[in-house]
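To start, the structure under review is shown below, and the notes come after it.
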Amino acid sequence: MSVFVDRDTKLVVQGITGRDGSFHTLQMIEYGTKVVAGVTPGKGGQSFEKVPIFNTVAKAVEETGANTSVIYVPAAFASDAIYEAVDAGCRLVVCITEGVPVNDMTTVYSYVKDKGAQLIGPNCPGLISPGQCKVGILPAQIHREGHVGVVSRSGTLTYEVVDQLTRNGLGQSTCIGIGGDPIVGTNFIDCLKAFEADPQTEAVILIGEIGGEDEEMAAEYISRHVTVPVVSFIAGRTAPPGKRMGHAGAIVSGGKGTAESKVAAFEAAGVAVAAKPSDLVPKLAERYEPARKALQAG
Amino acid sequence: MSVFVDRDTKLVVQGITGRDGSFHTLQMIEYGTKVVAGVTPGKGGQSFEKVPIFNTVAKAVEETGANTSVIYVPAAFASDAIYEAVDAGCRLVVCITEGVPVNDMTTVYSYVKDKGAQLIGPNCPGLISPGQCKVGILPAQIHREGHVGVVSRSGTLTYEVVDQLTRNGLGQSTCIGIGGDPIVGTNFIDCLKAFEADPQTEAVILIGEIGGEDEEMAAEYISRHVTVPVVSFIAGRTAPPGKRMGHAGAIVSGGKGTAESKVAAFEAAGVAVAAKPSDLVPKLAERYEPARKALQAG
Amino acid sequence: MKVHEYQAKELFVARGLAVPEGEVATTPEEAEAIAKRIGGMVVVKAQVHVGGRGKAGGVKLAKDAGEAKAKAAAILGMDIKGLTVEKVLVTRAVDIESEFYLGLIMDRNTHQPMFIASAAGGVDIEEVAVTAPEKIHTLAIDARYGARSFQARKLAYELTDDPAVVKGMTKALMTLYDVFMASDATLIEINPFVKTPDGETWSVDAKLNIDDNALYRQPAISAMRDLSSEEQSEIEAREAGLSFVKLDGNVGCLVNGAGLAMATMDLVQYYGGMPANFLDIGGSSNPEKVVTAMRIILRDPKVKAILFNIFGGITRCDDVAAGLLKATEQLEVPVPIVVRLTGTNEDKAREMLVGSSLIPAVTMDEAVQKALELAQGGAQ
Amino acid sequence: MKVHEYQAKELFVARGLAVPEGEVATTPEEAEAIAKRIGGMVVVKAQVHVGGRGKAGGVKLAKDAGEAKAKAAAILGMDIKGLTVEKVLVTRAVDIESEFYLGLIMDRNTHQPMFIASAAGGVDIEEVAVTAPEKIHTLAIDARYGARSFQARKLAYELTDDPAVVKGMTKALMTLYDVFMASDATLIEINPFVKTPDGETWSVDAKLNIDDNALYRQPAISAMRDLSSEEQSEIEAREAGLSFVKLDGNVGCLVNGAGLAMATMDLVQYYGGMPANFLDIGGSSNPEKVVTAMRIILRDPKVKAILFNIFGGITRCDDVAAGLLKATEQLEVPVPIVVRLTGTNEDKAREMLVGSSLIPAVTMDEAVQKALELAQGGAQ
């Protein structure tokens, strides 16, 4: 199994001829992702590494049966690209682009929901179901197929954690970077729901950060609906209020979004919270037998 | 039975203290309609003919349990009034106001649909289920309780037809003026569906006019789903193309919306089309036994 | 309300959509000066609110300023379908390789604005719609989200594969949408939208109709109204709050309600006559409106009889009767008037009219037949 | 980006929302002239991008022009939380009977703009939210439909029963929404929104924060940026495309990725140290960025050690190493640098750094602990 992407994912790359788009298309193809089409307006009829290019996503979907889109276009065009992918019938849209105005995302969010599609991102590294499919920009080599689901608001911090899992012999079912913006298409709860329903996923690592209340809501959800063990880490415990920490969403303001609040919510929900990234695997080992064994073996 | 309005209708009047609103509120109360609340911002706490006035529809619904709203506010405020009524939980909203910009109605239409409410109008005379409830501005005295459903895009032409029905001893289940604007909340098909499902309604008179394709779509619908006899009249057979005939919707343009097309569609669907208003009852008599008997008796 | 080509183009330019440079002239000398400023070949185009001005000789090419002056002199003052040309647009001529139609209407079926586009531009699009409907491409826009670039681009790719044309067309379509929404339009068109042999794209002609109901919040657009381009009687009717359309017959019709007014017109023709007009006096029973309506109808010398058809629902019949009596006092009425008043307070109204010269009727059919008889009598 | 009070008020006025008349002054003389023009009592308000300027003495009442000059002289040049006051707004003083808070934010939970309003205005609204949450009224707006008058009115009636106040407040709320959407704001506030003893309503103070990601399409707003109101190093970082926040410690941090950068800061404190900054060099591995980042960090004299923590996913470790070597060549680096490079091409990077003065570390924990040791060593 795995969640959101797997061997049946047929991917169209929006912005395939751009600098990032072309680089990561190669990486994804190399990993085994079925990249069936690319879109760059004006370059329809050409191809990139044997992947046919179309002028519109609609045409790409029509001709290739693509069911998932990944977006590498500049920020000013990203919301339009999401609309286009959803309109063309993509069920899953992964928007890597960072710097999308949040104002654009309010209506995009409604549109995606209206049409029953799923958006991951924007400003996210994408997701990977190791051994099956990678969509986005995550470094494939640190991942290994297995049973731990990983979901995170950040990029490199997630790689750090995944790297530790893999080095300890703990593979992943799916790793999802949901993005660091205030409005993202998929939140922690969406991912937790999917992980809980996925037979492959036996434990979940959730990496949150300051800002918003997504972690608090996730904690509430976990206490009611999640049976697999969940271990978490919250970045930004020492960030001063009122200062935005890089991610557009990572800011403590109006007394909301503090790390304390998130840690407290998780602990109340029975979720172990690691004090530092390197504590995550040991914390996981306390509640997930394969992790305990792996640590002992390591 | 009857459709859309009946003895359980609890009405809130938006614009109750205006010239039209106050006049018609009295008329509706006199007819027996349960007018439970009025709304005029700034006059909350006052009352009009024992009907309590509120500042907002939300408050009116909360305090009185109103389930239906009728709108008599000026055109510039009408779309806001529709939003407010729907937002407050009214399931049926009847907008009498004429002159509402069509641009406003596109999003209003989506909003009403999103919320699962029903809008009748704008620019309509309202509706009446004789003997039970009147909402709008229709002249009550010409109506009589009975079994013919009437649906129409116009006002006085409908009164003309209803008058003939009543004079011939044929009462009505519900008479609905859907309004003469290009975008209205309820179309012929919505009404036909309701009439077909209503045990009280045994026959339907449909009064269309030039412009749009609502009649053509109704004809298609009738041929598939309507079992009660339907008789129709189309106004504007002799109107020149490109000229708007009063109603914002009554215009033949782009080769569409002609009377010929509508008449042909109805005839193809087995709907009798009267050549003139005074032929409607005789046409009805050809397919509806009570009408035949009434004509003979008359 | 209709907006002139040159005014619509100003709205395009304000949103960054380039149109061939041009200016409006009201005299041949002005046209000459504009043509000189532009340089090279120009087109002189009558600014009137009627279709088919090209066929009527209202659009002419001029190879230089002198010729522009001459053509402007020929076009200014010209009568096109009853309207006098008061203004011409003098604009740079562009070479045409291919012509497209781009438009946007308020679509009743989808309840949304809808793009209409075709690679068969430059000709009567309504004709194309009938003869070659497959050449018409449509795309409804969900106004909650607005038109999105990808939609305009998708539509453009249905008309052409040329990326440069797609780019220009996408911009033009997005501009059409913006102008349409911002000006409360019911119709907006660029026809033709042109590709030149050099691969440039230009919006060569423009048409824009505004929703009359929205004019109250469109002061800038309202100020564009050109009264010289409208029928005098229709202007007067609009100002009085009456819905009026002039027709060619001899039976003046005065009815309350648009549906009933159309049905009355239809009935006149059903019985072999011809209505002189469509006139809806609306729901109000203000006697002044009746007087104005009568005045407008009587201005048409062809009118041989007047037919009043009033169903008193909200409109009270006695009010209408009062207006009618007032009108016959104030105005000289040289033709017979047939009056059918039914509904609220009809008895009272009938009493009021006793002793007047007005001819009563009970049913619509009776009223129409009487009016026709009298009109034919008067025509003898 | 933050917009000054006087600039936000200009945006209100452009949309027809009246604010007490006022103008900006940069000298006491200008302030005097403005006060004279206004007449009567005025308020002199420091225009700086920090909260609590009132408590800091940056807002003063003046009974006439002479006093306005004196107060302006006192406020101009004043240091408020590290920022020098360069401008004051001189504005007509209004009598206050009651004060409201009106605001609009982009709400993450509803994914929509959300009104926040309270009858407890004029004070710290965040304080009210904690101590008396029942006094905070919120209303999320579905941006597809926009804010509707009835919503603003409904919200206003939750705060007051006075129809005149409701009317003014409805207008103010609608204006907030319009400005918010038109300027791509993340926060907009009127606090206090005031009712005078005469029953008038006035927007007395204004706050507006803009989404940095949308500035590319907000030329007019971008032009409002006041560089004098910002930290020099943060300006430089922004121009180089770096995310940088100055903090108070002595360990300079240079990390790729915001989450990892926060986690690194947290780890420094976990081990008992204090970071000098938050700095995310982003996904690109452009060596120039590394040089700029180093330069910014080194400008802070408190920095006693620098900690590089790079997880090479897309960022290639060898690229970062190249930038790092270049930076150490170009800049004088008086403090030790601990480098932890892991992920893509980490072996290659490690080879490149052999022989340099850089101190390598394998794990985050090791890197942080080494940096702390060195920083404490340097502090001795």
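Only the coordinates and a few stated rules stand behind these numbers; no lab work does. Given the structure is predicted, the values throughout are model-derived calculations rather than measurements. Virtual Cβ from ideal backbone geometry, glycine too; neighbours counted across all protein chains shown.
Over segment A:139-297, how many percent of alpha carbon pairs lie in each 5 Å bin up to the one with the longest distance? The calculated distribution, bin by bin, is 2, 10, 21, 24, 22, 13, 7, 2, 0, 0. Once Rg and the Kirkwood radius are both taken over the C-alpha atoms of segment A:139-179, their ratio Rg/Rh works out to 0.92.
Using the Cα coordinates of segment D:21-92, the gyration tensor eigenvalues translate into equivalent-ellipsoid semi-axes of 19, 11, 10 Å, sorted from longest to shortest. Each Cα pair under 8 Å and six or more residues apart adds its sequence gap; the mean of these over the residue count of chain B is a relative contact order of 14 percent. Other protein chain C-beta atoms within 10 Å of residue C-beta, averaged over B:37-43: 3.
Helical content alone sets the calculated 222 nm signal of chain C at -11500 deg cm²/dmol, taking -39,500 (n - 2.57) per DSSP H segment of four or more residues and averaging over every residue. DSSP bridge analysis restricted to the protein assembly as shown gives an antiparallel fraction near 50%, rounded to the nearest 5.
For segment A:166-210, a crude dipole built from +1 on the beta carbon of Lys and Arg and -1 on the beta carbon of Asp and Glu, taken about the Cα centre, is about 140 debye to the nearest 20.
Length gained on full extension, C:GLU134 to C:VAL50: 27.5 nm, using 0.36 nm per residue less the C-alpha separation. With the alpha-carbon atoms of chain A aligned to their principal axes, the span from lowest to highest coordinate is 55, 46, 31 Å, starting with the largest.
Partner shielding of C:99-109 amounts to 3, given as the average count of beta-carbon atoms from other chains within 10 Å of each residue beta-carbon.
Across segment C:21-92, the relative contact order, built from alpha-carbon pairs under 8 Å that are at least six residues apart, equals 47 percent.
Taking the fewest neighbouring Cβ atoms within 10 Å as the starting point, the ordered list for A:THR40, B:THR174 is A:THR40, B:THR174.
When peptides D:117-126, A:82-91 are ranked by their average number of other Cβ atoms within 10 Å per residue, the highest-first order is A:82-91, D:117-126. Beyond 35 Å, the tail of the calculated P(r) for chain D holds 41 percent of the Cα pairs. Length, then width, then depth: along the principal axes, the Cα atoms of segment D:231-375 run 36, 33, 29 Å. In a simple Cβ point-charge model (Lys, Arg +1; Asp, Glu -1; nothing else charged), segment C:21-92 has a dipole of about 280 debye relative to its Cα centre. State log₁₀ I(q)/I(0) for segment C:331-380 at q = 0.22 Å⁻¹ as given by the Debye formula over alpha-carbon point scatterers of equal weight, solvent excluded. Results for segment C:331-380 at q = 0.22 Å⁻¹ read -0.85. Inter-chain Cβ neighbour count for D:163-176, averaged per residue, equals 1 (cutoff 10 Å, partner chain atoms only). Take the Cα of B:ARG91, step 7 Å toward its Cβ, do the same at D:ALA182, and the gap between the two points is 4.2 nm. Looking at chain B only, what percent of DSSP beta bridges run antiparallel? Nearest 5 please. In chain B, DSSP labels about 20 percent of beta bridges as antiparallel.
When chain B is treated as a GNM, springs tying every alpha-carbon pair under 10 Å, which of B:GLY99, B:GLY185, B:GLY38 comes out with the largest mean-square fluctuation? Highest fluctuation among the options: B:GLY99. Among C:LYS55, D:LYS45, D:LYS63, D:LYS304, sorting on how many other beta-carbon atoms sit within 10 Å of each Cβ, with the fewest leading, yields C:LYS55, D:LYS63, D:LYS304, D:LYS45.
Average projection, convex hull of the Cα set of segment B:1-86: 5.5 square nanometres. Here segment B:36-104 was treated as a single set of alpha-carbon atoms; its pair distances binned every 5 Å from 0 give 4, 19, 28, 26, 17, 5, 2, 0 percent. Taken one residue at a time, the phi angles of segment A:206-223 give Karplus couplings (6.51, -1.76, 1.60, θ = phi - 60°) of 10, 10, x, 8, 5, x, x, 10, 4, 5, 4, 5, 5, 4, 4, 5, 4, 5 Hz. Gly and Pro are set to x.
Between segment D:107-121 and segment D:261-325, what is the separation of their alpha carbon centroids in Å? With segment D:107-121 and segment D:261-325 each reduced to a Cα centre, they are spaced 36 Å. Cross-link reach is defined here as a Cα-Cα straight distance under 18 Å, omitting same-chain residues fewer than 8 places apart; for B:LYS283 the lysines meeting it are B:LYS262, B:LYS293. Under 13 Å from the Cβ of A:ALA140, count the other residues' Cβ atoms, weight Lys and Arg +1, Asp and Glu -1, and hand me the total. Around A:ALA140, the surrounding residues sum to -1. Hull volume per residue, based on the alpha-carbon atoms of segment A:17-170 and their convex hull, is 109 Å³. Pairs spanning more than 20 Å between alpha-carbon atoms, out of C:LYS2/C:LYS246; A:LYS50/C:LYS154; D:LYS302/D:LYS370; C:LYS87/C:LYS207: A:LYS50/C:LYS154. Looking at segment A:10-120 only, what percent of DSSP beta bridges run antiparallel? Nearest 5 please. Within segment A:10-120, antiparallel bridges account for around 10 percent of the total.
Electrostatic tally near C:PRO20: other residues with Cβ closer than 12 Å to its Cβ, Lys and Arg +1, Asp and Glu -1, net -3. For segment C:93-247, what log10 I(q)/I(0) values come out of the Debye formula at q = 0.12, 0.14 1/Å, with one point per alpha carbon and no solvent? Values, matching the q order: -0.58, -0.76. With angles folded into 0 to 90 degrees, how steeply does helix D:317-330 sit against the dominant principal axis of chain D? Use alpha carbons for both and round to 10. Value to nearest ten degrees: 90.
Of the residues B:PHE233, B:PHE54, the one with the fewest other Cβ atoms within 10 Å heads the list, and the complete ranking is B:PHE54, B:PHE233.
Stokes-Einstein diffusion for the protein assembly as shown, with the hydrodynamic radius set to the Kirkwood value over Cα pairs and evaluated at 20 °C in a medium of 1.002 mPa s, equals 60 µm²/s.
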